[in-house]
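Okay, so here's the structure we're looking at.
Here, each number is a calculation from the coordinates, and none is a lab measurement. The model shown is predicted, which means the values in this text are computed figures rather than measured ones. Every residue, glycine among them, receives a Cβ derived from its backbone with ideal geometry; neighbour counts consider all protein chains shown.
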Amino acid sequence: MLLIPCPWCGKRPELEFRHAGPAHLVRPADPAAADDDTWAAYLYIRDNPKGRHAERWRHVHGCGRFFNAVRDTVTDRIATTYKPGEAPPA
Amino acid sequence: MSDRQTPARASFPGATFSVWSLLRRTLTAEPWPAQWRSPDPQPAYDVIIVGGGGHGLATAHYLAAEHGIRKVAVLEKGWIGGGNTGRNTTIIRSNYLWDESAALYEHALKLWETLSQALGYNVMYSARGVMMLAHDEHDVRSLKRHVHANRLNGIDNEWLSPAQAQAFCPPLDISPNARHPVLGAALQRRGGVARHDAVAWAYARAASAQGVDIIESCEVTAIRRGRNGAVTGVETTRGPIAAPRIGVVAAGHTSVLMDMAGMRMPLESFPLQALVSEPVKPVMPCVVMSNTVHAYVSQSDKGELVIGGGTDIYPSYAQRGALHVSAHTLEAICELFPRFRRLRMLRSWGGIVDVTPDRSPIVGPTPVPGLFVNCGWGTGGFKATPGSGHVFAATIAAGTPHPLAAPFGLDRFRTGRLIDEAAAAAVAH
């Protein structure tokens, strides 16, 4: 079980959280103008990296807020977490 | 095309097994010969299959047996059948909701029924019945819908009352005050289990006998493309290998491999755990699945209960998983089968499954000329092994999708014509 540092609540066990998919996915700015490839890329295509992965989590059984985390998908080690709207760490 | 049967074993050379050969080797302790060759890679092949699991080996076998393409290499970074082929709960069934899925999985089930004879190797397919439990009104309606849809497609599936379910599977607790009350069940009698290692070995043996090179400990590190964009071969840890056609059959690592050809995939890789109990005398006559409580259970011929559940909640390439996910499954199993509470668990492990947005596989050509992909089987790929290999071999040989594979192309994520088995299939997600 992971120990996940919520940016607001500190380190809490994984059971308190829900994984919420990849972070920094941006919906097409002008939906009516977006073509099928753009929609497919936004809705379905995923990086699915073996290694560093920026992802969203939600502290459902805590503060209830979303935040982002950078996790290594090979070791599952979380490098850092940060608040929504902040840029991913380099 | 889809009805084409695998040729009988007479079509390829290879030692056959008999009672006498078993007896002789038992008495004399004479070692068994290797069942497939382990050659060094040649500089070039007609087709390279990346991934030596059941699907990849089956693809190589059908390429040789049905399409006459024998200059084939199967490249496996570890050992054959050491990935998800050796890590699943070996459940076989074809009672999928949608016509496209039902046709594909039924094609596989029909091949399972004669696979041991066709390959001359006992894969221990046992049609002991797969029973899916309904625990609430939604389950009842959903499973009855499956029963009707399957029967319209000519696939056996029948509805059982709780008493009938218990008669079919005596350890099941159907008391009305159970934690997970059983309101009924859908039973596919032709469903069952097979021996997963034997499936990989049988296909490897058959493919090797027909000239396919099975190359283990050979990891693909790059996919080479020519000036026109078409694939020309791969770089591996055992040197470069050229081929005009490459089939990627790499389950959880598909995204990593396709990235080498500059392609991003509609896939996410999750750990899926399974575990076995200590061996006990025969107690569990069938396979029982419960989608609602995320539990599958059957008993292996060794006597171990083989148990699986849902995927872990976050994408990962670590071949393990969180203990609380297995614990959730075990809690449900103990409620459904109170007599299993005192059993101790022997081993647990995880495999990395590649999950698509619609929980249906992707089988077909890609925008990169010469590059084909067979992936996205998610949590339920084992049951499809023969059918998957069969239609993928036909797709690679012809360059266009086999009719059964056609609905499962990559372009469905652009056109929106998804085959949404997410809520429909009795698969935990």
From phi via Karplus (6.51, -1.76, 1.60), per-residue ³J(HN,Hα) for segment B:91-100 in Hz, x at Gly/Pro: 7, 10, 6, 9, 8, 7, 6, 7, 4, 5
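Over all residues in B:351-362, what is the mean tally of Cβ atoms on other chains that come within 10 Å of each residue's Cβ?
1
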What is the spin-label model distance, in nm, from A:PHE66 to B:SER348 if the labels are put 7 Å beyond Cα along the C-beta direction? 3.1 nm
Karplus-derived 3J(HN,Hα), 6.51/-1.76/1.60, for each residue of segment B:303-310, Hz, glycine and proline x: x, 6, 6, 9, 10, x, x, x
What nm distance separates the two modelled labels at A:ALA90 and B:LEU323, each placed 7 Å from Cα along Cα→Cβ? 4.0 nm
DSSP bridge orientation in chain B - percent antiparallel, rounded to nearest 5: 70 percent
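May I ask for the percentage of alpha-carbon pairs in segment B:164-290 that lie more than 20 Å from each other?
68 percent
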What does the extension gain come out to for A:ALA33 and A:ARG18, with contour length at 0.36 nm per residue minus their alpha carbon separation? 2.1 nm
By the scheme Lys and Arg +1, Asp and Glu -1, what is the net charge of all other residues having a beta-carbon under 13 Å from that of A:THR80? +2
So what are chain A's ellipsoid semi-axes, whole angstrom, largest first, if each one is the square root of 5 times an eigenvalue of the alpha-carbon gyration tensor? 26, 15, 11
Calculated FRET efficiency for the pair B:ALA230/A:LEU25, C-beta based, R₀ 56 Å, to 0.05: 0.95
What translational D, rounded to a whole number of µm²/s, comes out for segment B:26-65 from Stokes-Einstein when the hydrodynamic radius is the Kirkwood one over Cα pairs, at 10 °C and 1.306 mPa s? 123 µm²/s
Computed from the mean reciprocal separation of all distinct C-alpha pairs, what Kirkwood hydrodynamic radius does the protein assembly as shown have, in Å? 24.0 Å
In sequence order, what are the phi-derived ³J(HN,Hα) couplings for segment B:25-42 according to the Karplus relation 6.51 cos²θ - 1.76 cosθ + 1.60 with θ = phi - 60°, rounded to whole Hz, with x for glycine and proline? 6, 5, 6, 9, 6, 5, x, 6, x, 4, 8, 8, 6, 10, x, 6, x, 7
Expressed as a whole number, the average count of other chain Cβ atoms within 10 Å around the Cβ atoms of B:315-327 is 4
One finds, for B:TRP32 and B:LYS71 with R0 = 22 angstrom and r their Cβ-Cβ distance, a FRET efficiency to the nearest 0.05 of 0.20
Run lengths n ≥ 4 of DSSP H only: what is the helix-derived mean residue ellipticity at 222 nm for chain B, with -39500 (n - 2.57) per run over all residues, to the nearest 500? -8500 deg cm²/dmol
Contour minus end-to-end for B:ALA178 and B:TRP79, with contour as 0.36 nm per residue of separation and end-to-end as the Cα-Cα distance? 31.2 nm
Treating the beta-carbon of each Lys and Arg as +1 and of each Asp and Glu as -1, no other charges, what is the dipole magnitude of the protein assembly as shown about its Cα centre, to the nearest 20 debye? 780 debye
Spacing of the two label points (7 Å from each Cα toward its C-beta) at B:HIS138 and B:SER161, in nm: 2.7 nm
Collect residues whose amide H, placed 1.01 Å from N in the peptide plane, falls under 5 Å from the amide H of B:SER360; neighbours closer than 5 in sequence don't count. B:GLU421
How would you order B:403-413, B:222-232 from highest to lowest mean count of nearby Cβ atoms within 10 Å? B:403-413, B:222-232
